[in-house]
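Reading through the structure tokens given below for one structure.
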Amino acid sequence: MSFIRNNPNLIAFTLLIVYVSPYFIFGQDTYVLIHDMLDHHIAKFKTLAESGMIFSQSSSQLDMYMNAPRAAFGSEIKFVFWLYYFFDPFEAYVLNQIFIRVIAFMGMYYFLKRYIFKSEMMHLVSAIALIYALLPFYSTAGISVAGLPLISYVFLNIRNNIQNSKDWIILILFPIYSSFVFSMMFFITCLFFIWLYDLFNRKNIENFKITFAIFLFVLLHLVANYRLVEVFIFGSDFVSHRTEMGSVGGTYGFLDAVLRSGHHFLLSQYHAQSHHQIFLPFITLVFFKNLFSKSIDKIFISLFIFNGIISLMYGFWDSDIFAYPREIISVFLPVNLNRFHVLTPLIWYVLFAMSIKNFIKSNSNKYSELIVSSIIGLTLILSFYRSDFVNEYKNNKITYEQFFAEELFDNVNKFIGKDQSSFKVVSIGIHPSISRYNNFYNLDGYLTNYDVIHKQKFRKIIASELQKNEFLESYFDNWGSRCYLFVNDVGTNFIRKKNEVYPINININSTALYNMGGRYIFSSYKITNFKENKLKFLNKFEDNNSAWDIYLYEVEGA
């Protein structure tokens, strides 16, 4: 126990190394998050890095991926993108994982040390910083959530007028490694309300540095996201598919809204997980004790209630009950306000730290720290158990190498024997990111912003299949960011491995596909009625290092 107290940071960094060690032990034969990572962002970054159009105008088309405009691939003033430019995609992914976890640890460490524990109980500071750093962050967004403790530390230093040059450097660099849309606009909104509170309470009214810092932070985010600003404010040469977005599956009523709110409060949201379930009862007990004590900690009470409000907003925002105010708010502020949930991991861990300090100071006996250590230990175990590596192993058992199947698709490319830029492909049964990763030119794919005309043309290909399945129809029409060749017999499961697939019947408009430039279909399923769909079966491709077998079909057109 004395060794832990005397060497908390050494132990913390050792466990951090253990957490990321599978990437180094197994290389590309490791398990990496598929949802929104392998099926989306890695192929997108790779496409832009290899396109030769990094600095092209926002309206320029990248023919290799859905004929999408350059604006759809994000700003080049982003650190995550340049990792994919200078490194192999897998290496870039691993480096990003390491960077965000180190920054998460350091940010939380310094935040807790200065503003919660006041340089006391430093072994607990390191422990809390460690479990925060092991959260399954949405790594594509960089340090948007992982870096919240660090940027909060910086702004608190400036607000308290104890900043130094390092704080200003972090503030200036932070927008390059975070996402304005994903989290920072909501963090900045909170900053603004704190600034207003100070203004009306005549606190820090002479500290112009905090006003300048907020202004500079906003300005730098706008610069780093200049393509988004350009499209949003000045318009663009294309109409986004987002103009057709609605509610997939429809809205819901009061009971569902309450259940969604409760689910978020207890379990958090997928892209901003906090693993707070184990220490939530502990925080709740301290909250009620604090609430009825003579010396109320207003900050603690406010943060706990604020988290509750965020959960309510998360649950009710898309409900029938909130339809009218949502419509009014969207006119002036076209963002999804339930996205404030990205702030909850930071808030939960600050509340946890404050609860620990309160508990130990009011219960100074040999059992108090044992209780705290047990809670931290259980949360640490949960962090490893719910890592992306373990989750993908449990749920899908598809490694990075098996997913992208480079050797198999290299054989497909050699078989076709044409320049990949001379034809377009679509996929059935597998994510289109796989063919794009292997340098084929896609008509299908997953982008959060692309031309609605492309979506409408693509819909003609799958119209008959969408009519068979109400959910698929709503999924494509009301969301459509996954512009996939949906077929009823497959549904939305695109990770069935070669031993799990079955023969399928399809009904697609091959003429529409041909007219869009589509010449080949990569299918992980055997299509029994391919002739009826004006397709020609060419070959079946197999590889031991691939999760899929691929049936290659040629589109014969009219």
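The values are calculated or read from the model by the stated rules, or taken from the named source; none is laboratory data. From a predicted model like this one, the values you see are computed outputs, not experimental measurements. Positions of Cβ are generated from backbone atoms using ideal geometry, with glycine treated the same way; all protein chains shown enter the neighbour counts.
Overview of results
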{"quantity": "Counted residues, region 386-406 - those being in contact (Cβ under 8 Å) with a residue 40 or more places away in the chain, charged (D, E, K, R) and assigned to a helix (DSSP H, G or I)", "calculated": "3"}
{"quantity": "Residue list for region 298-321, restricted to those being touching a residue at least 60 places away in the same chain (Cβ under 8 Å) and surrounded by fewer than 18 Cβ atoms within 10 Å (Cβ to Cβ)", "calculated": "Asp320, Ile321"}
{"quantity": "Residue match in region 492-501 (condition: of a type in the set (Phe, Trp, Tyr), in contact with a Leu (Cβ under 8 Å, 6 or more places away or on another chain) and crowded, with 17+ Cβ neighbours inside 10 Å)", "calculated": "no"}
{"quantity": "Residue ranges of helices (runs of 4 or more DSSP H) in region 63-137 with at least 1 members out of contact with any strand residue (DSSP E or B) (no Cβ under 7 Å at 6 or more places or on another chain) and closer than 30 Å to His454 by Cβ", "calculated": "79-86, 89-115"}
{"quantity": "Hey, Ser510 touching a Leu at 6+ places or on another chain (Cβ under 7 Å) and either at positive phi or of a type outside the set (Phe, Trp, Tyr) (or both) or not", "calculated": "yes"}
{"quantity": "Top-ranked residue of region 439-478 - restricted to ones that are of a type in the set (A, V, I, L, M) and touching a residue at least 40 places away in the same chain (Cβ under 8 Å), ranked as nearest to Ser422 (Cα to Cα)", "calculated": "Leu443"}
{"quantity": "Restricting region 398-425 to residues that are closer than 23 Å to Gly557 by Cβ and touching a helix residue (DSSP H, G or I) at 6+ places or on another chain (Cβ under 7 Å), the residue that is surrounded by the most Cβ atoms within 10 Å (Cβ to Cβ)", "calculated": "Val425"}
{"quantity": "Cβ-Cβ under 6 Å pairs, at least 6 apart or on other chains, region 487-501 side in the same structural domain as Arg459 (by TED's automatic domain parsing), far side modelled with pLDDT of 95 or more and of a type in the set (Asp, Glu)", "calculated": "Val487/Glu465; Asn488/Glu465; Lys498/Asp549"}
{"quantity": "Scan of region 355-383 for residues that are of a type in the set (Phe, Trp, Tyr) and either modelled with pLDDT of 90 or more or crowded, with 18+ Cβ neighbours inside 10 Å (or both), ordered by number", "calculated": "Phe359"}
{"quantity": "Residue check, Glu392 more than 30 Å from His123 (Cβ to Cβ), outside the structural domain of Asn442 (by TED's automatic domain parsing) and not aromatic (Phe, Trp, Tyr)", "calculated": "yes"}
{"quantity": "Residues satisfying the stated conditions in region 96-109, i.e. in contact with a Leu (Cβ under 8 Å, 6 or more places away or on another chain) and surrounded by fewer than 18 Cβ atoms within 10 Å (Cβ to Cβ)", "calculated": "Val102, Met106"}
{"quantity": "Count - residues of region 346-368 that are of a type outside the set (A, V, I, L, M) and in contact with a Leu (Cβ under 6 Å, 6 or more places away or on another chain)", "calculated": "0"}
{"quantity": "Single residue of Ser21, Ser58, Ser51 found to be among the polar types (S, T, N, Q), surrounded by fewer than 18 Cβ atoms within 10 Å (Cβ to Cβ) and touching a residue at least 12 places away in the same chain (Cβ under 8 Å)", "calculated": "Ser51"}
{"quantity": "Residue identified as over 29 Å from Phe522 (Cα atoms), touching a residue at least 12 places away in the same chain (Cβ under 8 Å) and assigned to a helix (DSSP H, G or I) among Ser421, Ser383, Ser374", "calculated": "Ser383"}
{"quantity": "Residue tally, condition within 19 Å of the chain's Cα centre (by Cα), surrounded by 18 or more Cβ atoms within 10 Å (Cβ to Cβ) and of a type in the set (A, V, I, L, M, F, W, C), over region 266-289", "calculated": "1"}
{"quantity": "Output for region 139-170, where each listed residue is buried (at least 24 other Cβ atoms within 10 Å of the Cβ) and outside any helix (DSSP H, G or I)", "calculated": "Gly142, Ile143, Ser144, Val145, Ala146, Gly147"}
{"quantity": "Subset of region 457-476 (residues that are over 24 Å from Ser240 (Cβ atoms) and among the small types (Gly, Ala, Ser))", "calculated": "Ser464"}
{"quantity": "Selection within region 453-501 - in contact with a strand residue (DSSP E or B) (Cβ under 7 Å, 6 or more places away or on another chain), hydrophobic (A, V, I, L, M, F, W, C) and over 20 Å from Lys526 (Cβ atoms)", "calculated": "Phe458, Cys483"}
{"quantity": "Every residue from region 426-446 that is buried (at least 22 other Cβ atoms within 10 Å of the Cβ) and part of a loop (DSSP other than H, G, I, E, B)", "calculated": "Gly429, Ile430, His431, Pro432, Phe440, Tyr441, Leu443, Asp444"}
{"quantity": "For Asn529: the one exception among (1) exposed (fewer than 15 other Cβ atoms within 10 Å of the Cβ); (2) more than 16 Å from Glu556 (Cβ to Cβ)", "calculated": "(2)"}
{"quantity": "Neighbours by Cβ (under 7 Å, 6+ apart or cross-chain): first from region 88-114, touching a residue at least 60 places away in the same chain (Cβ under 8 Å) and over 21 Å from Ile11 (Cα atoms); second polar (S, T, N, Q) and in a helix (DSSP H, G or I)", "calculated": "Phe90/Gln28"}
{"quantity": "Residues of region 227-240 that turn out to be within 24 Å of Ser144 (Cβ to Cβ) and surrounded by 14 or more Cβ atoms within 10 Å (Cβ to Cβ), as a count", "calculated": "6"}
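Table: residues versus (1) within 22 Å of Ile176 (Cα to Cα); (2) hydroxyl-bearing (Ser, Thr, Tyr); (3) outside the structural domain of Ser60 (by TED's automatic domain parsing).
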{"residue": "Phe193", "(1), (2), (3)": "no, no, yes"}
{"residue": "Asn207", "(1), (2), (3)": "no, no, yes"}
{"residue": "Phe215", "(1), (2), (3)": "yes, no, yes"}
{"residue": "Glu230", "(1), (2), (3)": "yes, no, yes"}
{"residue": "Gly235", "(1), (2), (3)": "no, no, yes"}
{"residue": "Ser240", "(1), (2), (3)": "no, yes, yes"}
{"residue": "Gly253", "(1), (2), (3)": "no, no, yes"}
{"residue": "Leu259", "(1), (2), (3)": "no, no, yes"}
{"residue": "His264", "(1), (2), (3)": "no, no, yes"}
